[in-house]
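The values are calculated or read from the model by the stated rules, or taken from the named source; none is laboratory data. Bear in mind the structure is a predicted one, so any value in this text is a computation, not a measurement. Don't worry about glycine lacking a Cβ; one is built from the backbone with ideal geometry, like all the others, and counts go over all protein chains shown.
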Amino acid sequence: MPAVDAPAPRQSARFLYLYALAACGGSAAYVPFLTILLPLRVAEIAPGGSLHLMARIAFAGAIAASLGNIVFGWASDRSQRRAPWIAAGLVLSCLLLAAMPSAPGGGWLICLIVAWQLALNLMLGPLAAWAGDTVPDSQKGLLGGLLALAPAAGALSGALVTWQGLVTAEHRPVWLAGIVAAMVAPLLVLGRPRPMPQLMAPRALADVAAHASLRAVWKMWLARLLVQVSEASLFAFLLLWLRQLDPAIAEHRVAALFTAVLAAAVVVALSVGRWSDRHDRPIEPLAACAAIAASGLLIMTLSRSIAPALIGYVVFGLSSSVFLALHSTQTLRVLPQPQHRGRDLGLFNLTNTGPSLIMPWLVLALVPRYGFPALFIVLTVLAASAAIILALMARAGRATKFPEPA
(Lines give C-alpha, C1' and ligand atoms only; values in the text may rest on other atoms or scores of the structure.)
Protein backbone atom coordinates (compact mmCIF):
# COMPACT_ATOMS: atom_id res chain seq x y z
CA MET A 1 0.00 0.00 0.00
CA PRO A 2 1.42 3.45 -0.84
CA ALA A 3 1.98 5.75 2.08
CA VAL A 4 -0.72 8.36 2.60
CA ASP A 5 0.46 11.81 3.60
CA ALA A 6 -0.90 12.93 6.95
CA PRO A 7 -3.14 15.98 6.74
CA ALA A 8 -1.40 19.24 7.49
CA PRO A 9 -1.93 20.34 11.11
CA ARG A 10 -4.50 23.08 11.59
CA GLN A 11 -4.92 25.60 14.34
CA SER A 12 -8.06 25.44 16.48
CA ALA A 13 -11.01 27.60 15.51
CA ARG A 14 -11.15 28.85 19.10
CA PHE A 15 -7.69 30.36 18.86
CA LEU A 16 -8.41 31.92 15.45
CA TYR A 17 -11.58 33.60 16.69
CA LEU A 18 -10.01 34.78 19.95
CA TYR A 19 -7.01 36.08 18.02
CA ALA A 20 -9.33 38.02 15.71
CA LEU A 21 -11.12 39.42 18.77
CA ALA A 22 -7.77 40.53 20.22
CA ALA A 23 -6.89 42.20 16.91
CA CYS A 24 -10.22 44.04 17.16
CA GLY A 25 -9.10 45.16 20.61
CA GLY A 26 -5.88 46.47 19.14
CA SER A 27 -7.85 48.52 16.61
CA ALA A 28 -10.22 49.75 19.31
CA ALA A 29 -7.21 50.87 21.33
CA TYR A 30 -6.08 53.50 18.84
CA VAL A 31 -8.71 54.25 16.17
CA PRO A 32 -11.32 55.99 18.40
CA PHE A 33 -8.65 57.69 20.48
CA LEU A 34 -6.57 59.08 17.63
CA THR A 35 -9.51 60.10 15.42
CA ILE A 36 -11.98 61.44 18.02
CA LEU A 37 -10.86 61.61 21.64
CA LEU A 38 -7.37 63.01 21.09
CA PRO A 39 -8.43 65.86 18.77
CA LEU A 40 -11.10 66.86 21.29
CA ARG A 41 -8.56 66.87 24.12
CA VAL A 42 -6.10 68.88 22.03
CA ALA A 43 -8.80 71.46 21.29
CA GLU A 44 -9.36 71.82 25.04
CA ILE A 45 -5.68 72.19 25.91
CA ALA A 46 -4.65 74.45 23.00
CA PRO A 47 -7.76 76.05 21.47
CA GLY A 48 -5.69 78.54 19.50
CA GLY A 49 -2.96 76.16 18.35
CA SER A 50 -4.65 72.79 18.05
CA LEU A 51 -3.38 72.11 14.50
CA HIS A 52 0.22 72.75 15.49
CA LEU A 53 -0.06 70.57 18.61
CA MET A 54 -1.77 67.77 16.65
CA ALA A 55 1.04 67.83 14.09
CA ARG A 56 3.66 67.49 16.85
CA ILE A 57 1.70 64.69 18.49
CA ALA A 58 1.26 62.84 15.18
CA PHE A 59 4.97 63.05 14.39
CA ALA A 60 6.17 62.01 17.87
CA GLY A 61 3.57 59.24 18.08
CA ALA A 62 4.47 57.81 14.68
CA ILE A 63 8.16 57.69 15.59
CA ALA A 64 7.42 56.00 18.94
CA ALA A 65 5.07 53.48 17.32
CA SER A 66 7.59 52.63 14.61
CA LEU A 67 10.49 52.07 17.00
CA GLY A 68 8.38 50.35 19.64
CA ASN A 69 6.97 47.79 17.24
CA ILE A 70 10.44 46.83 15.98
CA VAL A 71 12.10 46.74 19.41
CA PHE A 72 9.37 44.80 21.19
CA GLY A 73 8.92 42.42 18.28
CA TRP A 74 12.66 41.72 18.44
CA ALA A 75 12.53 41.31 22.23
CA SER A 76 9.72 38.76 21.98
CA ASP A 77 11.79 36.91 19.36
CA ARG A 78 14.69 36.70 21.80
CA SER A 79 12.51 35.50 24.67
CA GLN A 80 10.70 33.01 22.39
CA ARG A 81 7.44 33.92 24.15
CA ARG A 82 4.70 36.28 23.00
CA ALA A 83 1.93 36.18 25.62
CA PRO A 84 3.83 37.88 28.50
CA TRP A 85 4.74 40.81 26.26
CA ILE A 86 1.16 41.14 25.03
CA ALA A 87 -0.16 41.09 28.60
CA ALA A 88 2.33 43.71 29.76
CA GLY A 89 1.50 45.96 26.81
CA LEU A 90 -2.22 45.56 27.43
CA VAL A 91 -1.96 46.62 31.08
CA LEU A 92 0.39 49.55 30.47
CA SER A 93 -1.43 50.90 27.40
CA CYS A 94 -4.80 50.76 29.16
CA LEU A 95 -3.42 52.59 32.22
CA LEU A 96 -1.84 55.28 30.06
CA LEU A 97 -5.00 55.63 27.98
CA ALA A 98 -7.05 56.16 31.12
CA ALA A 99 -4.55 58.82 32.25
CA MET A 100 -4.91 60.98 29.12
CA PRO A 101 -7.55 63.36 30.56
CA SER A 102 -5.16 64.25 33.40
CA ALA A 103 -2.53 65.79 31.08
CA PRO A 104 -2.32 69.47 32.15
CA GLY A 105 -0.75 70.82 28.96
CA GLY A 106 0.55 70.08 25.49
CA GLY A 107 4.02 68.98 26.60
CA TRP A 108 2.63 66.48 29.09
CA LEU A 109 0.16 65.21 26.51
CA ILE A 110 2.96 64.57 24.01
CA CYS A 111 4.92 62.64 26.66
CA LEU A 112 1.86 60.57 27.51
CA ILE A 113 1.21 59.85 23.83
CA VAL A 114 4.80 58.69 23.28
CA ALA A 115 4.62 56.41 26.35
CA TRP A 116 1.21 55.11 25.28
CA GLN A 117 2.41 54.37 21.75
CA LEU A 118 5.37 52.43 23.14
CA ALA A 119 3.09 50.45 25.47
CA LEU A 120 0.55 49.85 22.71
CA ASN A 121 3.21 48.44 20.42
CA LEU A 122 4.55 46.35 23.28
CA MET A 123 1.19 44.61 22.84
CA LEU A 124 0.70 44.84 19.06
CA GLY A 125 4.18 43.78 17.92
CA PRO A 126 4.25 40.40 19.68
CA LEU A 127 0.55 39.91 18.91
CA ALA A 128 1.23 40.12 15.17
CA ALA A 129 4.16 37.71 15.46
CA TRP A 130 2.07 35.21 17.44
CA ALA A 131 -0.07 34.62 14.34
CA GLY A 132 3.06 33.57 12.44
CA ASP A 133 4.01 31.21 15.27
CA THR A 134 0.63 29.49 15.42
CA VAL A 135 -1.35 29.73 12.16
CA PRO A 136 -0.27 27.48 9.25
CA ASP A 137 -0.32 28.69 5.65
CA SER A 138 -3.50 26.72 4.95
CA GLN A 139 -5.44 28.99 7.35
CA LYS A 140 -3.79 32.35 6.73
CA GLY A 141 -6.45 33.44 4.26
CA LEU A 142 -9.20 32.68 6.77
CA LEU A 143 -7.35 34.60 9.49
CA GLY A 144 -6.85 37.51 7.11
CA GLY A 145 -10.58 37.59 6.48
CA LEU A 146 -11.27 37.59 10.22
CA LEU A 147 -8.83 40.46 10.68
CA ALA A 148 -11.07 42.60 8.46
CA LEU A 149 -13.27 42.83 11.56
CA ALA A 150 -10.65 44.97 13.30
CA PRO A 151 -11.26 48.33 11.53
CA ALA A 152 -15.01 47.91 11.96
CA ALA A 153 -14.52 47.17 15.66
CA GLY A 154 -12.44 50.32 16.00
CA ALA A 155 -15.18 52.41 14.39
CA LEU A 156 -17.92 50.84 16.51
CA SER A 157 -15.92 51.37 19.70
CA GLY A 158 -15.58 55.03 18.86
CA ALA A 159 -19.32 55.30 18.25
CA LEU A 160 -20.03 53.60 21.58
CA VAL A 161 -17.81 55.74 23.81
CA THR A 162 -19.01 58.95 22.15
CA TRP A 163 -22.71 58.05 22.29
CA GLN A 164 -24.46 61.13 23.57
CA GLY A 165 -25.32 60.85 27.25
CA LEU A 166 -23.70 57.43 27.73
CA VAL A 167 -20.26 58.45 29.01
CA THR A 168 -18.94 61.80 30.17
CA ALA A 169 -16.03 63.23 28.19
CA GLU A 170 -13.46 62.73 30.97
CA HIS A 171 -14.44 59.07 31.40
CA ARG A 172 -14.37 58.10 27.72
CA PRO A 173 -10.70 56.95 27.73
CA VAL A 174 -11.39 54.79 30.80
CA TRP A 175 -14.33 53.12 29.09
CA LEU A 176 -12.29 52.65 25.96
CA ALA A 177 -9.50 51.00 27.97
CA GLY A 178 -12.09 48.62 29.43
CA ILE A 179 -13.35 47.70 25.97
CA VAL A 180 -9.80 46.99 24.80
CA ALA A 181 -9.06 44.81 27.83
CA ALA A 182 -12.30 42.87 27.33
CA MET A 183 -11.30 42.07 23.74
CA VAL A 184 -7.63 41.17 24.25
CA ALA A 185 -7.67 39.37 27.61
CA PRO A 186 -9.70 36.32 26.43
CA LEU A 187 -6.92 35.37 24.00
CA LEU A 188 -4.36 35.40 26.81
CA VAL A 189 -6.56 33.44 29.21
CA LEU A 190 -8.41 31.03 26.92
CA GLY A 191 -6.44 30.96 23.66
CA ARG A 192 -4.18 27.95 24.30
CA PRO A 193 -3.02 27.50 20.68
CA ARG A 194 -2.00 24.11 19.37
CA PRO A 195 1.78 23.92 19.09
CA MET A 196 3.07 24.35 15.55
CA PRO A 197 6.75 23.35 15.74
CA GLN A 198 7.03 23.32 11.95
CA LEU A 199 6.34 27.07 11.97
CA MET A 200 9.07 27.75 14.52
CA ALA A 201 11.91 25.61 13.15
CA PRO A 202 14.74 27.57 11.45
CA ARG A 203 14.66 27.13 7.68
CA ALA A 204 17.67 25.95 5.75
CA LEU A 205 17.60 28.14 2.65
CA ALA A 206 20.15 27.98 -0.12
CA ASP A 207 21.80 31.27 -1.02
CA VAL A 208 19.78 31.66 -4.23
CA ALA A 209 16.50 30.87 -2.47
CA ALA A 210 17.37 33.25 0.37
CA HIS A 211 18.03 36.02 -2.13
CA ALA A 212 14.69 35.36 -3.83
CA SER A 213 12.99 35.42 -0.42
CA LEU A 214 14.48 38.81 0.36
CA ARG A 215 13.20 40.20 -2.93
CA ALA A 216 9.74 38.86 -2.12
CA VAL A 217 9.80 40.50 1.31
CA TRP A 218 10.62 43.88 -0.19
CA LYS A 219 7.95 43.50 -2.89
CA MET A 220 5.31 42.77 -0.27
CA TRP A 221 6.57 45.66 1.87
CA LEU A 222 6.53 48.14 -1.00
CA ALA A 223 3.11 47.05 -2.25
CA ARG A 224 1.56 47.58 1.18
CA LEU A 225 3.23 50.97 1.58
CA LEU A 226 1.85 52.17 -1.76
CA VAL A 227 -1.71 51.14 -0.87
CA GLN A 228 -1.41 52.49 2.68
CA VAL A 229 -0.38 55.95 1.45
CA SER A 230 -3.50 56.03 -0.71
CA GLU A 231 -5.72 54.79 2.11
CA ALA A 232 -4.31 57.22 4.68
CA SER A 233 -4.71 60.18 2.34
CA LEU A 234 -8.39 59.47 1.76
CA PHE A 235 -9.04 58.67 5.42
CA ALA A 236 -7.88 62.13 6.41
CA PHE A 237 -9.24 64.26 3.57
CA LEU A 238 -12.31 62.46 2.18
CA LEU A 239 -14.84 64.74 3.89
CA LEU A 240 -13.09 67.90 2.67
CA TRP A 241 -13.12 66.64 -0.92
CA LEU A 242 -16.77 65.56 -0.79
CA ARG A 243 -17.78 68.97 0.55
CA GLN A 244 -16.03 70.61 -2.38
CA LEU A 245 -18.35 68.63 -4.65
CA ASP A 246 -21.43 69.08 -2.45
CA PRO A 247 -21.18 71.58 0.44
CA ALA A 248 -24.46 70.30 1.86
CA ILE A 249 -23.28 66.72 2.46
CA ALA A 250 -23.55 65.91 6.17
CA GLU A 251 -20.77 64.35 8.21
CA HIS A 252 -23.11 61.63 9.48
CA ARG A 253 -23.65 60.52 5.88
CA VAL A 254 -19.91 60.18 5.37
CA ALA A 255 -19.59 58.32 8.70
CA ALA A 256 -22.35 55.94 7.61
CA LEU A 257 -20.51 55.37 4.34
CA PHE A 258 -17.32 54.53 6.24
CA THR A 259 -19.21 52.04 8.41
CA ALA A 260 -20.97 50.39 5.48
CA VAL A 261 -17.71 49.93 3.57
CA LEU A 262 -15.97 48.42 6.62
CA ALA A 263 -18.87 46.05 7.24
CA ALA A 264 -18.96 44.89 3.62
CA ALA A 265 -15.19 44.41 3.68
CA VAL A 266 -15.55 41.78 6.40
CA VAL A 267 -17.81 39.61 4.24
CA VAL A 268 -15.68 40.02 1.13
CA ALA A 269 -12.39 39.41 2.95
CA LEU A 270 -13.68 36.21 4.55
CA SER A 271 -14.86 34.89 1.17
CA VAL A 272 -11.66 35.84 -0.65
CA GLY A 273 -9.48 34.56 2.21
CA ARG A 274 -11.19 31.16 2.18
CA TRP A 275 -10.82 31.01 -1.61
CA SER A 276 -7.09 31.71 -1.38
CA ASP A 277 -6.70 28.95 1.24
CA ARG A 278 -8.58 26.37 -0.84
CA HIS A 279 -6.67 27.14 -4.03
CA ASP A 280 -3.33 27.92 -2.37
CA ARG A 281 -3.08 31.20 -4.28
CA PRO A 282 -2.31 33.87 -1.68
CA ILE A 283 -0.86 36.64 -3.87
CA GLU A 284 -3.38 36.85 -6.72
CA PRO A 285 -6.20 38.26 -4.54
CA LEU A 286 -3.86 40.95 -3.27
CA ALA A 287 -2.96 41.98 -6.82
CA ALA A 288 -6.64 42.03 -7.80
CA CYS A 289 -7.61 44.15 -4.79
CA ALA A 290 -4.86 46.67 -5.53
CA ALA A 291 -5.99 46.90 -9.17
CA ILE A 292 -9.62 47.43 -8.15
CA ALA A 293 -8.50 50.07 -5.65
CA ALA A 294 -6.70 51.89 -8.47
CA SER A 295 -9.88 51.80 -10.58
CA GLY A 296 -11.84 53.30 -7.69
CA LEU A 297 -9.31 56.11 -7.40
CA LEU A 298 -9.55 56.71 -11.14
CA ILE A 299 -13.33 57.06 -10.84
CA MET A 300 -12.78 59.59 -8.06
CA THR A 301 -10.30 61.49 -10.24
CA LEU A 302 -12.89 61.87 -13.00
CA SER A 303 -15.82 62.64 -10.68
CA ARG A 304 -17.37 66.10 -10.86
CA SER A 305 -20.53 65.35 -8.85
CA ILE A 306 -21.28 63.60 -5.59
CA ALA A 307 -22.86 60.37 -6.93
CA PRO A 308 -19.87 59.05 -8.96
CA ALA A 309 -17.54 60.30 -6.22
CA LEU A 310 -19.28 58.12 -3.64
CA ILE A 311 -19.25 55.15 -6.03
CA GLY A 312 -15.53 55.60 -6.59
CA TYR A 313 -14.86 55.74 -2.86
CA VAL A 314 -16.91 52.60 -2.20
CA VAL A 315 -14.91 50.73 -4.85
CA PHE A 316 -11.62 51.98 -3.42
CA GLY A 317 -12.55 51.64 0.25
CA LEU A 318 -13.88 48.10 -0.08
CA SER A 319 -10.95 46.76 -2.13
CA SER A 320 -8.26 48.50 -0.06
CA SER A 321 -9.77 47.25 3.21
CA VAL A 322 -9.78 43.68 1.91
CA PHE A 323 -6.23 44.13 0.63
CA LEU A 324 -4.89 45.35 3.97
CA ALA A 325 -6.61 42.60 5.96
CA LEU A 326 -5.38 39.76 3.74
CA HIS A 327 -1.92 41.26 3.31
CA SER A 328 -1.40 41.23 7.09
CA THR A 329 -1.47 37.43 7.22
CA GLN A 330 -0.03 36.58 3.80
CA THR A 331 3.05 38.62 4.74
CA LEU A 332 3.83 35.85 7.23
CA ARG A 333 4.47 33.50 4.29
CA VAL A 334 7.39 35.51 2.94
CA LEU A 335 9.31 36.18 6.16
CA PRO A 336 12.36 33.95 5.77
CA GLN A 337 13.25 33.06 9.37
CA PRO A 338 10.87 32.35 12.28
CA GLN A 339 13.44 33.39 14.89
CA HIS A 340 13.27 36.97 13.55
CA ARG A 341 9.53 37.08 12.90
CA GLY A 342 8.69 39.76 15.47
CA ARG A 343 11.50 42.06 14.36
CA ASP A 344 10.66 41.63 10.68
CA LEU A 345 6.98 42.35 11.28
CA GLY A 346 8.07 45.49 13.11
CA LEU A 347 9.83 46.57 9.93
CA PHE A 348 6.65 45.80 7.98
CA ASN A 349 4.75 47.95 10.46
CA LEU A 350 6.60 50.95 9.03
CA THR A 351 4.15 50.70 6.13
CA ASN A 352 1.41 51.55 8.66
CA THR A 353 3.17 54.39 10.49
CA GLY A 354 5.17 55.82 7.57
CA PRO A 355 2.16 57.08 5.59
CA SER A 356 1.20 59.39 8.47
CA LEU A 357 4.54 61.12 7.87
CA ILE A 358 4.34 61.04 4.06
CA MET A 359 0.68 61.87 3.50
CA PRO A 360 0.47 65.47 4.84
CA TRP A 361 3.36 66.65 2.66
CA LEU A 362 1.92 64.89 -0.39
CA VAL A 363 -1.46 66.55 0.11
CA LEU A 364 0.02 70.01 0.78
CA ALA A 365 2.23 69.76 -2.31
CA LEU A 366 -0.64 68.92 -4.66
CA VAL A 367 -4.07 70.02 -3.46
CA PRO A 368 -3.60 73.80 -2.90
CA ARG A 369 -2.11 74.27 -6.37
CA TYR A 370 -3.70 71.57 -8.53
CA GLY A 371 -6.76 70.42 -6.59
CA PHE A 372 -7.88 67.00 -5.41
CA PRO A 373 -7.89 65.39 -8.91
CA ALA A 374 -4.10 65.76 -9.03
CA LEU A 375 -3.82 63.98 -5.69
CA PHE A 376 -6.08 61.18 -6.89
CA ILE A 377 -3.99 60.73 -10.05
CA VAL A 378 -0.88 60.20 -7.93
CA LEU A 379 -2.74 57.80 -5.63
CA THR A 380 -4.06 55.89 -8.66
CA VAL A 381 -0.51 55.43 -9.92
CA LEU A 382 0.60 54.21 -6.47
CA ALA A 383 -2.19 51.63 -6.19
CA ALA A 384 -1.70 50.48 -9.78
CA SER A 385 2.04 50.07 -9.13
CA ALA A 386 1.24 47.85 -6.15
CA ALA A 387 -1.03 45.75 -8.35
CA ILE A 388 1.70 45.33 -10.97
CA ILE A 389 4.32 44.38 -8.37
CA LEU A 390 2.07 41.71 -6.88
CA ALA A 391 0.84 40.41 -10.24
CA LEU A 392 4.40 39.83 -11.40
CA MET A 393 5.22 38.24 -8.07
CA ALA A 394 2.26 35.86 -8.37
CA ARG A 395 3.12 35.04 -11.96
CA ALA A 396 6.65 34.13 -11.01
CA GLY A 397 5.33 31.93 -8.23
CA ARG A 398 7.87 33.31 -5.75
CA ALA A 399 7.59 33.59 -1.99
CA THR A 400 4.37 31.65 -1.66
CA LYS A 401 6.17 28.58 -0.32
CA PHE A 402 9.44 27.78 1.42
CA PRO A 403 11.39 24.56 1.70
CA GLU A 404 10.49 22.33 4.61
CA PRO A 405 12.11 23.35 7.92
CA ALA A 406 15.45 21.79 8.58
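Among the residues making up region 179-198, those that are assigned to a helix (DSSP H, G or I) and either in contact (Cβ under 8 Å) with a residue 40 or more places away in the chain or hydroxyl-bearing (Ser, Thr, Tyr) (or both) are Ile179, Val180, Ala181, Ala182, Met183, Val184, Ala185, Pro186, Leu187, Leu188, Leu190, Gln198. Is it the case that region 260-275 has a residue that's of a type in the set (Lys, Arg), at pLDDT 85 or above, exposed (fewer than 15 other Cβ atoms within 10 Å of the Cβ) and not assigned by TED's automatic domain parsing to the domain that holds Ile36? Within region 260-275 (the criterion being of a type in the set (Lys, Arg), at pLDDT 85 or above, exposed (fewer than 15 other Cβ atoms within 10 Å of the Cβ) and not assigned by TED's automatic domain parsing to the domain that holds Ile36), the answer is no, since none of the residues qualifies.
All of (1) in contact with a Lys or Arg (Cβ under 9 Å, 6 or more places away or on another chain); (2) farther than 24 Å from Gly346 by Cβ hold for Gly141 with one exception: (2).
Within region 11-26, does at least one residue satisfy the condition of being in contact with a helix residue (DSSP H, G or I) (Cβ under 6 Å, 6 or more places away or on another chain) and more than 23 Å from Gly346 (Cα to Cα)? Yes, region 11-26 has at least one match.
If you filter region 92-151 down to residues that are among the hydroxyl-bearing types (Ser, Thr, Tyr) and in contact (Cβ under 8 Å) with a residue 60 or more places away in the chain, you find that the one that is nearest to Val267 (Cα to Cα) is Ser138. If you check Leu222, Leu239, Leu234, Leu156 for being assigned to a helix (DSSP H, G or I), in the same structural domain as Pro32 (by TED's automatic domain parsing), under 30 Å from Ile292 (Cα atoms) and out of contact with any Pro (no Cβ under 7 Å at 6 or more places or on another chain), only one passes: Leu156.
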